[in-house]
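Before any comments, here is the structure.
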Amino acid sequence: LFRSNTTGEPESKVAKSDETAETAGEKSEDEGTETAADAEDKGEAATDQDENSEKRKLQAGKKTQDRQKKRQRDRMVERIQYVCSLCKFRTYYDDEMKSHLESKFHSDHFNFVGTKLPKQTADFLAEYVANKTKKTEERRKSVEDINAAIQQIYKDQDLTQDLGMEHFVKKVEAAHCTACDFFIPMQYGILQKHLKSVEHNQNRKAMMEQSKKSSLVVAKSILNNKMISKKLEMYLKGENPFTDELDKDDAAEGTAECEPVENQTEVTEESKVEGMETDCGTGEDQIETEANEESTADDEKPLEGDDGDEGEAHAEG
C-alpha cells in the first residue's frame, strides 16, 4: 500500500522532510547516549577521588600510629636502658653494664678525663654515672616483665618483619667494627682473622685515642649545664647532690627545658599529658644526648695510626 500525499506538496519534498525528522531523532538519541557516558565518567572520577582521599586518610592515620608507637618505644628504652655517656656505651642488661663499669675501657676513659679536669670534678663525674645507673635500676623494677620489654624493643626495630617472603630478605647477625667501619659475618674464623689483622690493630689504637678525646668533650658539656653545675657545687662543698628530692627537682627542670622529639607538629590528647616527660626523658638524658651529638664531629675525623701501647683495650659489650 502506498501512502497518499494529502498535503498537496511534491513527493520529493515530503521524502526530504521525513529524512530530516529521522536524522534529528538519531542525533537526539546520540546526544542522550553521550550525556549518559559523561555522567558515568564523572561518577567514576568522583569514586576514584573518594578512594584516593580514603587512602590518604588511612596513610595519615598509619603515620600517626607509627609515631605514637615510636614514642612508646622510646619511652620504654629511656626507662630500661643503661647508659655510660662518656664511653658512649648502652645496654639493656645488668651484667653487661656491671662488666663495662669494671672494664679497662671504662677506667681508661675516666683516667684520661681525670688528667684534664680537677680531681674532685672527675670524681663527681664518676659519682654522676654511678647514680644514673642506680636510677635506671630503680626504674627497671617498675617494669613487670623486663625481658619481654627488651624483646619487644628489638622486634619493633626489625624492619624486615613487614617484608613478604617473595623478597627473600631476612634479618641476620653481624659484627660491626667501628674502628674499621666494617661489617663482619658472625663466624668465629672470619671475626678472629679481622681482629688479628694489621689494619684493624692500627685503627683500633687510633680509635681509642679519639674516643678518649670525645669523652672529654661530653664531660665538659655535661658539667657546663646549669643543672649539673649546681650539683657539682654541692659536691665540692662536701654535700650529697644525688638525693631523691634533688633528682625529682632536676627532672622537672630538665623537662621544662627540653624540646619534643623530632619537633613533631601533631599533638594528641595523650601526648599533651605525657609528652613533656616521655618524649624528651629527664633533663640529664637530654643534656647527655646533646653532648654526644657535639662530640660526633670529632668522631668522624679520619683516624691516624698510633704505634704506642696506650689504648689497646677493646670496647666492652
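The values are calculated or read from the model by the stated rules, or taken from the named source; none is laboratory data. Everything numeric in this text was worked out from a predicted model, so none of it was measured. Neighbour counts run over all protein chains shown; Cβ positions are idealised from the backbone, glycine included. Protein only, heavy atoms only, side chains kept; ligands, DNA and RNA dropped before computing areas. Shrake-Rupley method; radii C 1.70, N 1.55, O 1.52, S 1.80 Å.
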* Quick one: in the range 174-187, of everything that is over 28 Å from MET76 (Cα atoms) and not aromatic (Phe, Trp, Tyr), which residue is surrounded by the most Cβ atoms within 10 Å (Cβ to Cβ)? => ALA179
* Determine if the range 57-73 includes at least one residue that is crowded, with 19+ Cβ neighbours inside 10 Å and on the phi < 0 side of the Ramachandran plot. => yes
* Structure fact -> Matching residues in the range 145-176 (part of a loop (DSSP other than H, G, I, E, B) and farther than 27 Å from ASP94 by Cα) number 8
* Could you check THR282 against (1) modelled with pLDDT of 55 or more; (2) among the polar types (S, T, N, Q); (3) under 19 Å from ALA130 (Cβ atoms); (4) surrounded by 13 or more Cβ atoms within 10 Å (Cβ to Cβ) and say which number it fails? => (1)
* Any hit, the range 156-173, residues being open to solvent by 20 Å² or more (accessible area, probe 1.4 Å), under 21 Å from SER211 (Cβ atoms) and touching a strand residue (DSSP E or B) at 6+ places or on another chain (Cβ under 9 Å) -> no
* Asked: under 20 Å from HIS109 (Cα atoms) and either open to solvent by 40 Å² or more (accessible area, probe 1.4 Å) or hydroxyl-bearing (Ser, Thr, Tyr) (or both): does that describe SER214?
  -> yes
* Asked: Since MET207 meets every condition but one in (1) farther than 30 Å from GLN72 by Cα; (2) free of Cβ contacts under 8 Å to residues at least 40 places away in the same chain, which condition does it not meet?
  -> (2)
* To do: Evaluate the range 218-228: report whether one residue or more is free of Cβ contacts under 8 Å to residues at least 24 places away in the same chain and touching a helix residue (DSSP H, G or I) at 6+ places or on another chain (Cβ under 6 Å).
  => no
* To do: Look through the range 94-144, keep the residues that are open to solvent by 90 Å² or more (accessible area, probe 1.4 Å) and not in a helix (DSSP H, G or I), and return whichever of them is nearest to ILE228 (Cα to Cα).
  => GLU102
